[in-house]
Amino acid sequence: MLESLGFVEAAETLYRFLLQEPMVGDDIAALKLGVSITEVTTARAQLIQAGLIRDSWDEDCGVAFGNPQLLLDAALRKQETELAHRQEELAESRLGLESLLTDYLEATSQPSMAGEVVELVGKEAIQRELETWSQKVQREVLALHPDISYTAEQLASAQAMDLAALARGVKIRSVYRDDCRNDPAVRAYHETVTRHGSEVRYAKVVPARLLVFDRQAGMIPSHTADNRRAALRLEGEGVAAMLVLSFDLVWSQAVAAGPDGLPPKVEVPSAEGPTDLDRILLQLLSMGVKDEAAARHLGVSVRTVRRQIADLMVRLEAGSRFEAGMQAAMRGWLRPPD
């Protein structure tokens with residue numbers, strides 16, 4: 001007990017011993033207790049200073065003893081005072097940290113926590129946001145990756161964040177373009193993360209870069225020409241639901257690699273059924289998406305979209321887009337491929 005109050009280890013043992021043998025000197029006490037004379041001398045000095053022992057006024061009594069309860073009360077009052085002071089210091093530190101965080105966010109162009117749409121300008125700002133979310137995410141990450149090639153630094157960073165999240169039980173689903181698997185480094189990255197539980201699929205068309213975290217927040221490019229130069233961080237139930245819908249649309253048309261790890265075979269157009277592009281376009285149209293938006297989503301020109309719609313109408317024997325949608329639904333063309 002006395003050790004917790006700052007006494008040396010031998011102090012309590014010496015006190016108990018002196019209660020039984022008050023006339024014993026330090027040399028005999030050291031021998032009886034099995035400790036050094038220095039330890040006994042130090043312990044006795046602490047006991048005297050604390051008022052637990054003193055020289056007795058009676059010559060034949062050796063030492064007199066103080067009440068340990070008084071010492072304990074005084075020690076507890078001291079510790080309570082120190083604790084209150086420490087709490088005040090912690091409160092001041094918290095205020096200082098909040099001020100420091102504000103200065104950091106301003107200096108690094110970091111967004112504030114309020115608001116549903118925040119623009120992240122520059123690769124460094126985007127990378128910081130990705131690292132922050134990779135640590136915050138608790139349940140799920142959804143990702144669309146339209147790029148063909150990736151640098152070694154990008155793959156190493158992505159793999160580190162993915163493995164850390166997967167180790168926490170986070171579910172990760174990603175869609176990449178078919179042709180990105182021509183890169184051995186990309187294949188190695190995919191093989192590593194899938195061994196740890198990540199799900200990776202491939203699609204002929206991945207319309208845009210997209211990330212969704214826990215179905216609460218997401219990131220999309222704010223510049224179509226360079227999807228890594230700037231990004232928008234979006235938060236809110238409604239906007240997150242739309243991002244998840246966009247992901248699910250692409251995910252449903254994408255396929256996993258085969259057992260040999262090779263890219264999936266690309267579907268060949270036929271007059272009997274829809275291609276992957278047909279299915280995506282039909283689902284976009286069923287959602288009321290305009291031609292221009294569908295073209296941006298698919299990464300093609302508006303003319304290509306309208307030509308494909310005209311071809312679909314012929315194959316579905318439909319006189320209007322509405323009728324084409326009805327025919328597509330009846331034939332099961334809006335469902336993901338088996």
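Each reported figure results from applying straightforward, stated rules to the coordinates on display, with no laboratory input. Note that the structure is a prediction, hence the values are computed from the model and not measured. Positions of Cβ are backbone-derived with ideal geometry, glycine not excepted, and every protein chain shown enters the neighbour counts.
Using a simple spin-label model with pseudo-atoms 7 Å out from Cα toward Cβ, R296 and R54 lie 8.8 nm apart. When the GluC sites (Glu not before Pro) in the stretch 4-72 are filtered for DSSP coil states and for at most 13 other beta-carbon atoms within 10 Å of their beta-carbon, the remaining sites are E59. So what is the diffusion coefficient of the stretch 129-179 in µm² per second by Stokes-Einstein at 37 °C and 0.692 mPa s, using a Kirkwood Rh over Cα pairs? Answer, rounded: 281 µm²/s. Dipole size of the stretch 267-338 about its Cα centre, with +1 on Lys/Arg Cβ and -1 on Asp/Glu Cβ: approximately 260 debye, rounded to the nearest 20.
With +1 on the Cβ of every Lys and Arg and -1 on the Cβ of every Asp and Glu, and nothing else charged, how large is the dipole of the stretch 117-265 about its Cα centre, in debye rounded to the nearest 20? Let's see the in-between values first.
Numbers: 19 positive and 19 negative charges, 38 e Å.
It comes to approximately 180 debye.
Gyration tensor over the Cα atoms of the stretch 114-220: the corresponding equivalent ellipsoid has semi-axes (square roots of 5 times the eigenvalues, largest first) of 21, 16, 13 Å. Under a 5 Å amide H cut-off, with hydrogens placed 1.01 Å from N, R201 pairs with S174, V175, Y176 among residues at least 5 apart or on other chains. Rounded is the label for the stretch 267-338, because the ratio a/c of its alpha-carbon gyration tensor axes (a ≥ b ≥ c) stays below 1.5. Legend: calculated FRET efficiency, T194 to R331, from the Cβ-Cβ distance at R0 = 41 Å, rounded to 0.05, equals 0.75. Peptide packing for 44-56, 275-287 was compared via the average number of neighbouring C-beta atoms within 10 Å per residue; ordered from the highest value, the list is 275-287, 44-56. Remark: spin-label model distance E88-Q138 equals 3.7 nm, labels positioned 7 Å along the Cα→Cβ axis. Simple spin-label estimate for I148 and R168 gives 3.6 nm between the two label positions (7 Å along the Cα-to-Cβ direction from each Cα). When R173, R331 are arranged by Cβ crowding within 10 Å, least crowded first, meaning fewest neighbours, the order is R331, R173.
Using a Förster radius of 22 Å, what is the FRET efficiency between A156 and L100 based on their Cβ-Cβ separation? Nearest 0.05, please.
Details: r = 30 Å, r/R0 = 1.37.
Step by step, r from the Cβ atoms, then E = 0.15.
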